[in-house]
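Accompanying notes for the structure given below.
Please treat every number below as a calculation from the coordinates, not as lab data. The structure displayed is predicted, hence computed values, not measured ones. All Cβ positions, glycine included, derive from the backbone under ideal geometry; neighbour counts span all protein chains shown.
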Amino acid sequence: MLNLYKLEIFNTVAMEGNFSRAAERLLLTQPAVSQHMRDLEEILGTELFVRGPRGVRLTAAGETLLDYTRCILRLLSEAENAVANLQGLQNGQILIGSTPGASVYLLPVWIQAFHQRFPDLTILLRTDVTPSLAAELKAGRIDLAFVEGEIDVEPPMKALVLRDIPLYLSLIHI
């Protein structure tokens, strides 16, 4: 059966391309890293590395395992972050950015519902224009932004349309 600890070692060996450098990085001995990799290869019934005088490179099976290993490690990290973030919602503060229209017409009801669910969480609101809020979000100075209109979003930011709202314009001529 696969072991998460061995997969973490495998990932480090694959990144370093060398058992000795991986051992240094993991604070293990080189023989211990080698033994873990032999155990992993035995469990899977295939060689994961082509060993050479200048280090190791992955076999096709090793490449496949590396893809899955990185997905597993990413999911593990996401799970840890999700639980930590949930714990963080029990108290503390969240800084929200909003364009003027959204802050007046949409957020009061949403903030009230959020506050009922997380009464010990302080909500701070900053009102600004969309480009400034996008920059603040990218820089990590706000936690969340509510904006009107379209916005170019680059990873790791994500955009979600919460509500389509018709826009009415009045022309007054004097």
Q: Report, to the nearest 10°, how far helix 30-44 tilts away from the longest principal axis of the Cα atoms in the chain, using its own Cα long axis and a range of 0 to 90°.
A: 80 degrees
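Rounded to the nearest 0.05, what FRET efficiency do Leu76 and Leu124 give with R0 = 30 Å and r taken as the Cβ-Cβ distance? Could you check? It would help to have the intermediate numbers written out before the result.
Values: r = 32 Å, r/R0 = 1.06.
Here the calculated transfer efficiency is 0.40.
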Q | Nearest 10 degrees, 0 to 90: helix 107-117 Cα axis against the chain principal axis | A | 50 degrees
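Share of Cα-Cα pairs in the chain beyond 29 Å, in percent?
Working: 7471 of 15051 pairs.
Everything past 29 Å amounts to 50 percent.
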Q) What angle do you read, to the nearest 10 degrees and between 0 and 90, between the alpha-carbon axis of helix 4-16 and the longest principal axis of the chain? A) 90 degrees
Q. So what's the back-of-envelope 222 nm ellipticity for the chain, counting only DSSP H runs of four-plus at -39500 (n - 2.57) apiece and dividing by all residues, rounded to 500?
A. -16500 deg cm²/dmol
